[in-house]
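Note sheet for the following structure.
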Amino acid sequence: MQKTIFITGASTGIGLSLAEMYQNADYKIYAASRSGFFPNENKNIIPIKLDVNDKKNVSDVVEKFLSEKEKIDVLVCNAGNGIAGAAEDMTLDEVRYQMETNFFGNVNTIQQFLPLLRQQGGGKIIITTSVAGVVPIPFQSVYSASKAAIMMFAEAVALEIKPYNIQICCILPGDTKTNFTAARVFAKNSKSENSPYKARFEKSISKMEHDEQNGMLPEIIARAIFKQIKRKKMRLRVVPRLDYKFICRAFGVLPTRVKMWIVGLLYA
């Protein structure tokens, strides 16, 4: 029987790779994005225009599935964005911009789909988070905070929905070669000559961009996601590559001052 996967943020990067990788497999893929655009045609891929930050938009999509008695086996919450800048240089509106999609957008999507998943007797939810949710990244402090927040939310919700046969898995990519680098937004004051952080900020961002563009291909993350989709029991957290897995484990046991020293050497 053909299974269905609903992917947010499916027009680029990891979401696009996941949809394209399995478009010819025995899956029907709903590829959702704000543009509603998908770069190629395939009978197994249905493009959907969806803004995860628009509660009514997501609610309308879920209502449509209910009215058509459509089943969603897997919900992949992949929509996200990034903003960079020193915390002092950010306005609260810029902070809210970051949290809106990475946290509230994911929360909204999960909330809207949970009734459908419960009514159909179960399903899987996979959220693309980040190693930055474990490792504090200077000059991307709010990005790190948004990823840590959605992981804590997911793990708490996993306990709430366990009796309904619904599972949650957080995928934690490290540096990945996608258009995330080019799409990164910069805090308005971050490049001001008056910013006391300007030189360190530019040096830090330069290293991040280099690491991202020499990082993992999005297909690696897509394969990690699909591996969890096929598992009977998903893992709660998955770090796709061995070196990043080591980093995350090390940050779970190292003294705080040692962790901060390491990150400071790299970025601050």
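Overview of values
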quantity: Helix-derived mean residue ellipticity, 222 nm - over the chain, DSSP H n ≥ 4, -39500 (n - 2.57), to 500; calculated: -14000 deg cm²/dmol
quantity: Sulfur and carbon atoms: percent of accessible area, the range 4-105 [1.4 Å]; calculated: 51 percent
quantity: Per residue, in Å², the accessible surface of the range 1-121 once ligands and nucleic acids are set aside, probe 1.4 Å; calculated: 47 Å²
quantity: 17 Å Cα-Cα reach of K3 towards lysines, excluding residues that sit fewer than 8 places from it in its own chain; calculated: K28, K43, K69, K71, K124, K227, K230, K232, K233
quantity: Amide hydrogen neighbours beyond the local backbone of I127, cut-off 5 Å, H modeled; calculated: C77, C169, C170, I171
quantity: Spin-label pair R200/W261, simplified geometry with 7 Å Cα→Cβ offset, distance in nm; calculated: 1.8 nm
quantity: Surface share of carbon and sulfur [accessible, 1.4 angstrom probe, percent] for the range 120-258; calculated: 57 percent
quantity: Calculated from backbone phi, Karplus (6.51, -1.76, 1.60) coupling profile of the range 126-134 in Hz, x at Gly/Pro; calculated: 10, 10, 7, 9, 5, 4, 5, x, 10
quantity: Sequence-distant residues sharing a close amide H with K28 (under 5 Å, placed H); calculated: K3, T4, I5
quantity: By average C-beta atoms within 10 angstrom, highest first, the peptides 230-241, 179-190, 123-134; calculated: 123-134, 179-190, 230-241
quantity: Reach of K203 by Cα under 27 Å, taken over lysines that are not fewer than 8 positions away in the same chain; calculated: K147, K177, K188, K191, K245, K259
quantity: Point-to-point label distance, L159-E68, nm (Cα→Cβ direction, 7 Å offset); calculated: 3.8 nm
quantity: Prolate/oblate/rounded call for the range 49-108, Cα gyration tensor, a/c under 1.5 rounded; calculated: prolate
quantity: Accessible area, probe 1.4 Å, largest first, for residues K259, K56; calculated: K56, K259
quantity: Mean Cβ neighbour count within 10 Å, used as a protection proxy, ranking 141-149, 12-20 highest first; calculated: 12-20, 141-149
quantity: Probe 1.4 Å, protein heavy atoms only - accessible area per residue of the range 163-204 in square angstrom; calculated: 56 Å²
quantity: Amide proton proximity set for M234, modelled H, under 5 Å, gap of 5+; calculated: none
quantity: Rounded if a/c under 1.5, otherwise prolate or oblate - the range 17-82, Cα gyration tensor axes; calculated: oblate
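The values are calculated or read from the model by the stated rules, or taken from the named source; none is laboratory data. Since this is a predicted model, take the numbers as computed values, not measurements. A quick note on method: Cβ atoms are made from the backbone with ideal geometry, for glycine too, and the neighbour counts reach across all protein chains shown. Accessible surface is based on the protein model in full, side chains and every heavy atom, while ligands, DNA and RNA are left aside. Shrake-Rupley method; radii C 1.70, N 1.55, O 1.52, S 1.80 Å.
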